[in-house]
Each structure stands twice: as C-alpha cells, then as structure tokens.
Amino acid sequence: MTAVLFDNVSRHFGAVRAVDGVNLEIAEGEFFAMLGPSGSGKTTCLRLMAGFEQPTGGHIEIFGETAEGVPPYRRSVNTVFQDYALFPHLSILDNVAYGLMVKGVGREERRKAAEDALAMVKLPNYGSRRPGQLSGGQRQRVALARALVNKPKVLLLDEPLGALDLKLREQMQEELKSLQKSLGITFVFVTHDQGEALSMADRIAVFNDGRIQQLGSPEEVYKQPKTRFVADFVGSSNVLPARLCQRLGVTSSYASLRPEAIVLSAPRDGALSLSGTVSAHSFLGAVNRVVVDVEGARIAVASPVSLVVPKVGSPVTISFAADELHPMEDA
Amino acid sequence: MTAVAENLMSPERRGPTGRLSDFFWKHPHVLLTVLLAPPLLWLGVVYIGSLFALLLQSFFSIDDFSGLINYEFTFATYRQLLSETNLDIILRTVSMAAIVTLASALIAFPIAYYAARYAQGKWKVLFYLGVMLPLWSSYLVKIYAWKLILAKEGIVTWFFEKLHLLWLLDAWLSLPVVGGNSLSVSYTGTFIVFVYVWMPFMILPIQAALERVPTNLIEASSDLGGTPAQTFRHVLFPLALPGIVAGSIFTFSLTLGDYIIPQIIGSSRLFIGQAVYAQQGTAGNIPLAAAFTVVPIVIMGAYLWMAKRMGAFDAL
C-alpha cells in the first residue's frame with residue numbers, strides 16, 4: 001500500500017517556489033530519504049506531510065486519505081524535529097507520554113507506554129529528568145521515543161542526526177535502521193548528508209530548487225546520477241564535459257565518472273584512458289584524492305594510500321572501465 | 001621580555017588609556033567592582049536601607065495625646081492596622097488589585113501573542129508604539145481624561161445612548177458595590193482606569209515570554225495530537241507563565257500602592273495608598289502609615305511564594 005502520495009505538489013511562498021511540482025510515492029514500511037542542500041524543498045515536503053504547511057497546488061494522500069486541509073493533530077503521522085523540540089517544562093516521561101495524554105489515555109497506561117518507549121531507545125530510568133539535563137544524543141532518543149509511542153503510520157525525521165558528533169551519528173544510523181526494520185513503520189527521513197541517505201535509505205529522492213532531481217535506490221543514485229547536480233551532490237562524481245565525452249565515444253553531452261572508479265595507470269584491455277597532469281592532491285585517510293587536469297577539466301581520482309602519489313605537475317594517464325562512464329540527461 | 005611586548009603592541013595602544021585597558025584586562029574583578037559599587041551602594045544603602053528604616057517605624061507607636069512618636073518597640077500599631085476599618089481598606093485594595101491583574105492578563109495575552117507570533121516589520125513597530133505611547137504622556141493627564149470620558153455627560157454615556165443601550169449601563173450602575181451615580185464615581189470606573197494605566201506593564205513581559213517559546217514546540221504539540229486548546233493549556237500557557245507572573249507583579253503591586261486613581265475616579269472609600277497618604281500627612285501617624293506599606297510587601301511576598309510553589313518559574 002502507498003503510505004504517502006504526492007501528486008504534482010507545490011508550495012509557493014509568494015514568488016519563492018519552495019516545492020515545485022513534486023511527484024512521489026512512498027510505500028508502506030519503506031525507509032525513504034529526501035536528500036538535498038538547504039533550501040532545496042526537502043524540509044518543506046516533510047512539513048507538508050506533517051501538516052504544518054498546506055500545498056498551494058497538487059494533491060497529497062496519506063494511506064489513501066486526502067491530506068489537504070487536515071490539521072497536524074488529526075494525522076497519524078509523527079515528527080522527530082531537527083532540534084528535538086522537547087518541552088522544557090515537562091519531565092522526560094511527561095514529554096514521551098504527551099501524545100497519549102492529549103488523546104485521553106489514562107495516567108497509568110500512558111506511564112507504562114512511555115517507560116516502554118524509553119526502554120526501547122535505551123534510556124530506561126531517565127523519566128524523571130528534565131530535557132535540559134540530557135546530552136544531545138539522549139535528547140534525540142527521547143524525541144524518537146516521544147514520536148514512536150503514538151504508533152504513527154508514518155514517522156517523519158527532520159535532519160535528526162545533524163547535531164550529533166560523528167561517532168554518535170554512525171551509531172544512531174544503525175539503531176534507526178534496525179528500529180525501522182523491527183517496527184515496520186514507514187520512515188521518511190530528511191538529510192543533507194549524502195552518506196547518511198546512502199547508508200540508511202531504501203530509496204532516495206534527491207532535491208534541488210524545489211524539485212526532485214532523481215528518485216531511486218541508493219545504488220542507482222550513486223552510480224548512475226541522472227543530472228550534473230546529482231552527480232556533484234551525491235558522491236562527488238566527476239562530470240566530463242562534452243569534448244571529453246565525444247573523444248570517449250559517449251553520445252550525450254555530459255557523463256559522470258566516480259573518483260573511485262579511476263586508476264592512475266595505463267589502461268588494461270578494454271579500458272578507456274585520458275592523459276593529463278596532476279594539479280593537486282590531498283590525504284583523506286582511507287584514500288589519496290588526486291586531482292588531474294585533463295585539457296582544462298579537473299578530474300578527481302580516489303587513489304589507494306598504498307600507491308605512490310605522483311608529484312604536482314607531473315604527467316599521468318588515468319584509466320577506467322567503459323561501463324563506469326554514465327551519460328547524463330541534461331546539460 | 002618587555003622589549004618583545006613593546007614590539008608586539010601597536011604604537012597607538014601604548015598610551016595611558018591603553019595601559020588602563022591592560023590593567024583591567026589583567027584584573028577583571030577590579031573592573032567589576034568599579035562598575036558595580038555605585039549601583040550597589042545606591043540599591044543597598046539608599047533604597048533597601050530607607051525601606052528598612054520605614055519598616056522599623058511600623059514597630060513604633062504614636063502617643064494619642066501629644067501626637068508624638070513613641071520610640072519604643074511595640075505591636076500596638078499593627079493592632080491598630082487590623083481594626084475593622086483598616087482591614088476593610090486592605091480587603092478593598094487587594095480585591096481591586098486581584099481583579100485588575102486578572103483582567104489585565106486576559107486582555108494582554110492575545111495582544112502579546114499576536115505581537116510575539118505574527119507581527120513583523122512595521123506591524124511590530126506599531127505594536128510597540130501602541131503599547132508604549134500611553135506611557136509617554138502624563139499619568140495625571142490620562143486620569144483626568146478618563147474622568148471626563150467616564151462622567152455622566154461623557155462619551156461613554158453618549159455612546160451607550162446612541163446604541164440605545166443606556167438601560168444596560170444604568171442597570172450595571174444600579175448594582176451594589178460595582179455601581180454608583182456614574183462610571184466616574186464607581187468602582188467599575190476605578191477598575192477600568194487601573195486596567196488601562198497598567199496594561200503596558202502586563203503586555204510587555206508576556207510578549208517577551210511568548211517570544212522565547214520556540215515555534216517548533218507549538219508544532220510538536222500539534223504533531224503529537226494536541227488540539228490548539230490543548231497546546232495552549234499544556235505548552236503555551238506554562239511557558240508564558242513566568243511572563244504572566246512578572247506582569248502581574250507590576251499590575252498587582254502598582255494597584256496596591258496607587259493613591260491617585262482611586263482618589264480621582266471612584267467612590268470616596270479609601271485604598272491602601274490613600275490611607276498611607278492620609279496617615280503620614282494630615283494625621284501625622286507615621287507608624288501606621290509604615291504599617292500600611294508593610295501590607296503590600298507581605299502580600300507580594302506571599303504571592304511570589306505561591307507562584308513559585310505552583311511551578312510558575314519552572315520554565316525559567
């Protein structure tokens with residue numbers, strides 16, 4: 001069943017087209033990521049699902065029911081806010097039990113449910129504390145428990161890991177993913193971090209300028225970016241200009257080539273090659289990033305650290321398999 | 001070492017002001033002392049000190065015969081304070097202060113809410129102007145203006161007449177306690193003018209408190225299923241409560257101490273402020289006047305203690 005349906009949805013603020021003709025269909029139980037830079041319309045889409053915004057055009061359905069004109073408090077959709085939005089004057093337990101309280105669930109029952117939810121996010125016995133006494137990661141978990149305790153049909157997450165440090169973020173990514181699997185709830189996740197989207201989502205919608213640039217599985221989006229924007233934003237692929245494409249026998253005017261698909265050596269059989277000069281390199285930990293200037297086009301190469309990095313200014317040949325070169329739709 | 005420091009320092013920083021800045025930078029507590037000493041002396045000695053001296057007066061008594069103050073510790077003045085007439089004055093003033101505070105909060109909240117949540121740009125400027133403007137003109141002028149507005153021949157009566165609602169006004173004025181010959185000589189009139197004059201002191205703290213409530217808390221409540229009424233009750237109101245309490249401290253204490261409004265507009269019955277004025281002036285009974293001023297202090301203390309116990313400051 002379709003959990004969320006956007007049919008040509010727009011949300012304009014005066015002359016600003018925050019969301020402009022978006023079509024998408026999110027399946028029940030899916031982990032769906034909306035990826036894009038800030039101002040790309042991904043958060044507005046999330047707010048349209050939550051009901052904080054109303055579309056200026058198009059049609060939204062949530063589990064087959066029309067969503068336009070339905071206030072947020074009548075939707076069985078819950079949100080984990082970017083900065084958690086925990087109520088500072090309530091205890092953690094009352095925060096988590098809030099949704100049940102406003103729905104009239106009895107005191108004992110909601111206390112039990114809230115405690116279970118806190119245990120689920122690995123924060124048992126934190127109920128009596130105040131939000132101000134918790135760390136960012138703990139608040140994040142409380143926000144998650146507060147949303148999940150309502151058993152939403154769709155859980156919306158607005159950059160939930162943005163404020164956490166790297167280690168905690170990676171840990172939360174895994175936990176979110178396994179939580180989603182075990183609960184079977186549809187997760188819609190907004191992020192500007194392509195790594196996060198790639199590692200967690202079943203499908204990704206890449207947003208730019210209020211429109212979806214590409215919608216597909218992480219692998220598709222990463223390996224076969226449809227537009228230059230997607231190639232650049234997801235995975236920082238190289239975009240080969242028209243003249244290089246022609247030389248390599250590609251019919252479209254642009255093609256993408258991922259840095260890790262390139263090696264700094266002469267071509268083996270069947271491989272394509274280009275020659276240029278090294279213009280810069282930097283150490284990234286797992287790999288060396290070597291930038292090669294090929295007739296004015298800067299092509300980044302991810303070279304294993306075990307290999308020697310050629311000096312800046314020295315001539316090199318780069319080669320790659322023909323099927324790593326992906327033609328792109330637009331200019 | 002010195003030579004290095006001299007070279008590090010740009011030449012225009014080497015003068016006496018530069019050296020003074022260096023001194024304060026190295027000794028921040030000296031700067032703090034210099035800055036805080038005058039206001040602390042003012043507050044501690046002149047303000048609190050004189051208040052304390054005043055309170056002390058209330059434990060003296062007046063010699064009924066000679067009219068001189070008897071500088072001996074006694075509770076006689078407090079016994080006098082609790083006489084029926086004086087208790088009547090206290091009860092009247094406290095009731096008025098409570099009703100004025102409640103009405104101010106009810107009227108101020110929507111205005112403050114609009115200003116904090118919706119008003120932007122020039123509307124915000126207009127809001128501040130509208131709230132502050134009445135404070136720029138003389139208090140006495142405003143009160144005398146209200147006397148005319150509320151008088152039997154005034155614009156309020158005229159307005160009710162034009163709307164053919166004079167019977168309603170007359171019915172209200174014929175009620176006991178709140179009524180009177182005209183609005184300007186009734187408690188209703190006193191109440192209206194109090195609410196008008198103190199309104200800015202209620203609006204501004206509530207607006208400040210509401211402005212500090214992040215929008216996403218309102219959204220979170222709605223997202224979790226809270227209807228607008230529930231969101232108001234469980235989120236907005238508790239978070240605005242410190243502002244409401246701050247505003248009510250102003251309206252409550254200002255009403256408790258005012259002696260001009262009830263004298264110009266209202267019945268001839270005394271309020272605490274008028275009693276203090278009369279006792280320390282014509283009657284020359286400074287101890288009783290002092291005892292009267294203790295009443296608002298005690299009431300405000302009790303009020304704040306209750307507000308704290310009710311959790312009004314939890315959101316601070």
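The values are calculated or read from the model by the stated rules, or taken from the named source; none is laboratory data. Small disclaimer: the values here were computed from a predicted structure and weren't measured. Because the Cβ atoms are built from the backbone with ideal geometry, glycine has one as well, and the counts that use them run over all protein chains shown.
Only strands (runs of 3 or more DSSP E) whose full extent lies in the range A:199-288 are considered here, and the ones with at least 1 residues that are β-branched (Val, Ile, Thr) are A:203-208, A:211-216, A:238-240, A:272-283. Only one of the listed residues (B:93, B:77, B:101) is hydroxyl-bearing (Ser, Thr, Tyr) and touching a strand residue (DSSP E or B) at 6+ places or on another chain (Cβ under 6 Å). That residue is B:77. Taken as a whole, the condition of being modelled with pLDDT under 90 and of a type outside the set (A, V, I, L, M, F, W, C) applies to residue B:181. Screening A:127, A:137 for residues that are part of a loop (DSSP other than H, G, I, E, B) and either over 24 Å from the mean Cα position of the chain (by Cα) or more than 27 Å from residue A:61 (Cα to Cα) (or both) leaves exactly one candidate, A:127.
Here residue A:266 clears all of (1) at pLDDT below 85; (2) under 26 Å from residue A:220 (Cβ atoms) except the condition numbered (2).
Do the conditions hold for residue B:224, that is, is it over 23 Å from the mean Cα position of the chain (by Cα) and within 14 Å of chain A (Cβ to nearest Cβ)?
Here the answer is yes, as residue B:224 does meet what is asked.
Looking at this structure, is residue B:24 surrounded by 11 or more Cβ atoms within 10 Å (Cβ to Cβ) and of a type outside the set (A, V, I, L, M)? Criteria met by residue B:24. Taking each residue of the range B:235-262 that is within 14 Å of chain A (Cβ to nearest Cβ) and within 30 Å of residue B:221 (Cα to Cα) and looking for partners that are among the small types (Gly, Ala, Ser) and not in a helix (DSSP H, G or I) with beta-carbon atoms closer than 7 Å, six or more apart or interchain, yields B:238/B:315; B:239/B:315; B:241/B:312; B:241/B:315; B:242/B:312; B:242/B:315; B:245/B:312.
Of everything listed in (1) in contact with a helix residue (DSSP H, G or I) (Cβ under 8 Å, 6 or more places away or on another chain); (2) touching a residue at least 40 places away in the same chain (Cβ under 8 Å); (3) within 25 Å of residue A:219 (Cβ to Cβ), the single unmet condition for residue A:289 is (2).
Out of the range B:5-63, which residues are assigned to a helix (DSSP H, G or I) and charged (D, E, K, R)? Even if it seems obvious, please write down each step before you answer.
To start, the set of residues in the range B:5-63 that are assigned to a helix (DSSP H, G or I) comprises B:5-8, B:11-13, B:16-26, B:28-57.
Once the filter is applied, which keeps residues that are assigned to a helix (DSSP H, G or I) and charged (D, E, K, R), the range B:5-63 yields B:6, B:12, B:13, B:19, B:22, B:26.
Of all residues in the range A:96-113, those being within 9 Å of chain B (Cβ to nearest Cβ) and either touching a helix residue (DSSP H, G or I) at 6+ places or on another chain (Cβ under 6 Å) or of a type outside the set (D, E, K, R) (or both) number 5.
Among residues of the range A:143-160 that are within 11 Å of another protein chain (Cβ to nearest Cβ), those with a beta-carbon under 8 Å from a residue that is among the small types (Gly, Ala, Ser) and in a loop (DSSP other than H, G, I, E, B) at least six positions away or on a different chain give the pairs A:143/A:85; A:150/A:76; A:150/B:225; A:152/A:76.
Taking residue B:213 as the residue in question, decide whether it is part of a loop (DSSP other than H, G, I, E, B), on the phi < 0 side of the Ramachandran plot and among the hydrophobic types (A, V, I, L, M, F, W, C).
Judged against the criteria, residue B:213 is a match.
Residues in the range A:41-66 that are within 15 Å of residue A:188 (Cβ to Cβ) and away from every other protein chain (no Cβ under 14 Å): A:41, A:42, A:45, A:60, A:61, A:63. Considering the range A:67-83, and only residues there that are more than 20 Å from residue A:158 (Cα to Cα) and more than 13 Å from chain B (Cβ to nearest Cβ), the residue that is surrounded by the fewest Cβ atoms within 10 Å (Cβ to Cβ) turns out to be A:69.
Residues that are assigned to a loop (DSSP other than H, G, I, E, B), under 15 Å from residue A:224 (Cβ atoms) and over 27 Å from the mean Cα position of the chain (by Cα) within the range A:297-331 comprise just one, A:321. When the range A:141-172 is limited to residues that are part of a helix (DSSP H, G or I) and modelled with pLDDT of 90 or more, the one that is nearest to residue A:94 (Cα to Cα) turns out to be A:146.
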